[in-house]
1. Give me the number: length gained by fully extending Ser42 to Lys289, i.e. 0.36 nm times residue separation minus the C-alpha to C-alpha distance, one decimal in nm.
2. Ranked by Cβ crowding within 10 angstrom, fewest neighbours first, how are Thr5, Thr317, Thr44, Thr268 ordered?
3. Suppose R0 equals 22 Å; then what is the FRET efficiency for Ala360 and Ala398 from their Cβ-Cβ distance, rounded to the nearest 0.05?
4. By how many nm would the segment from Glu336 to Ser199 lengthen if fully extended, with 0.36 nm per residue of separation less the alpha-carbon distance?
5. Could you give me the radius of gyration and the Dmax of the stretch 1-95, taking only the C-alpha atoms into account and expressing both in angstrom?
6. Under a 5 Å amide H to amide H cut-off, with H placed in plane at 1.01 Å, what residues pair with Leu421 once short-range neighbours are removed?
7. Take every Cα pair under 8 Å in the stretch 1-122 that's 6+ residues apart, average their separations, divide by the length, and report that relative contact order as a whole percent.
8. Please sort 109-122, 177-190, 90-103 by packing, taking for each peptide the average over its residues of neighbouring beta carbons within 10 angstrom, highest first.
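Values quoted throughout were computed directly from the atomic coordinates according to the rules given, and no laboratory measurement underlies them. Quick caveat: nothing in here was measured; it's all calculated off a predicted structure. Neighbour counts run over all protein chains shown; Cβ positions are idealised from the backbone, glycine included.
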Amino acid sequence: MASSTKNQQRIEKALRSQDSATIDAVLKLLPNINATVGGSSSRTCLEFAAVYGLVDSIKHLLRRGADPNSQEPAFVASREGNAEILELLLDAGAQIEARSSTGDTLLLEAAVRNTPQHLACIRLLIARGADVNVVQSNQVQNVLMSCAELGSIPMVEALVAAGARLNDVWLRGTALTIAAEQNQRLMVEWLLRHGADPSLRVPAETMFDDIAGMTALEVARKNRLKKIVAILESAPSAASVTKPAATSTKKEKKSKPRSKPLGSVQETLSRLTQALKDQGQWKAAGLRKPALESQLAELERKVGLALPRELREAYLTFNGQKSGGYEIFPAPDPDEERFFWLSVAEVASEWQVFQDVSEADGNPPRSADPGVRESWWHKGWLPFVSNGGGDVICIDMAPAKGGSKGQVIIVSHESAPRRRLANSFLEFLDATVESIESHDTVE
């Protein structure tokens, strides 16, 4: 086994080149193409290529006989939301119902983030016949519950259309229980409309002692979720609700989720204003007065970029937020700090900080979603949202091949991958407003 740091670096560099001859040269360092590299956190070449989203390297390794079931390359692709690589590995024979080292299947691994990329993986796996009622190995929840927890109606729609059962009970209850617990208002409404039974209870014998034996309504009352309580109190009995029709075979999965056209920037900002007022967070949000055209022109001069029209229009409505208030933007991952909207001056300042650190440290590579540059930083990334702890969300004005100019990405000052969150600023803003609209809590 080639485990030295030097060999690992050579192999990773070759894989990143995506050049067949270069890859073949470094494969000679290994006893076989499926050998692991990297010591205690060792991976196969196929896994490394999956981690970094290297499609051409994946194709070449598979042509050379790499085993898609050696270690966990397909699980990596599913977890990272890379449907293109996942499809290549499935075509090469990756086992669709195998369990990872954590006990999850490919479908469960895909249900970890609410992004268009992970939705694409879920749809792919369903089309390939994945078990849509699969349960975590610890029996805590099934894949439908995981998607309900994320608040992804398109994911839940895809699963139910393929035959997922709405009312299976596991250690955290049902999909309705978990949606209520997580304050997913739109999800609770969708589940009730399609046949979720509000009378079902979390098992009395469960590791979740604080909700043991409770219905979804009792969970919502316990957590003081006023709007969820109102919805569940007015819910019809399970017997009077029309059940959704599941597809008859796994080859007939043609249904598509409802697609709602995006409104204008002004319409979306008006929804944001109303949602903040409905939540009692309008004053706490501290939205600033409109930026001036001269301020935007100075920002463009400093960073050397022309602002996208949608972002410019937003700043001519609100110049970000005052510091210390309610952070408008939810974190892309659960349990992380929320993000606040930067003012025009703060955008310039954050951009300069990242630029200076990048020049000083040599801009080391970072893993990234397809279409995003594999860099720690790039001058074409324009930060407009921050969590105050060194992580920013940027407009990507210099995408990699397969990306789109103006896409929205997250950039961590540490080692996290550079992930694509939305195709445009407006799409990102719309998703934020929708999240606020569906998360009304009692303070």
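1. 83.7 nm
2. Thr5, Thr317, Thr268, Thr44
3. On the way: r = 20 Å, r/R0 = 0.92.
Efficiency for this residue pair is about 0.60.
4. On the way: separation 137, 0.36 × 137 = 49.32 nm, distance 3.26 nm.
Contour length minus the Cα-Cα distance gives 46.1 nm.
5. Over the stretch 1-95's Cα set, Rg and Dmax evaluate to 11.9, 33 Å.
6. Sorted by chain and number, the residues that satisfy this are Val408, Ile409, Ile410.
7. Computed over the stretch 1-122, the figure is 20 percent.
8. On the way: 109-122: 22.7, 177-190: 24.3, 90-103: 14.7.
Packing proxy ranking, top to bottom: 177-190, 109-122, 90-103.
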